[in-house]
């Protein structure tokens, strides 16, 4: 019982630090663009990677206003793998369970009391449906 609790506390501490970080600023040479069909891509010097949902996009600290219109050059970049939730993101689906993302894996909180007891706020939880 002690090991899962220690892991949960360690993951939660890391996530809390990340959640309190300022809004993301892209790396040099990166930008987010809106393609004509509505997909938002992260463009780097070597590839374009799509955000599969609004929740994944928001988990990286972006706002919709950060995306600029894609150019033909942006869309000509080779396609990379879709982006995942950022480590430390708090997400939930249709059910009430909230998950902490770590290493592209969802780790559920055992209860609302555990979630709140670790200093999290439900206002920071992203819905997998995109809200």
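Before moving on, here are some points about what is shown:
- Rule-of-thumb Rg ratio for segment 31-76 [Cα; 2.2 N^0.38 Å; N residues]: 1.04
- Beta bridges by DSSP in segment 31-76, antiparallel share as percent, to the nearest 5: 80
Throughout, read-outs are computed from the coordinates displayed, never taken from laboratory work. Being a predicted model, the structure only gives us computed values, none of them experimental.
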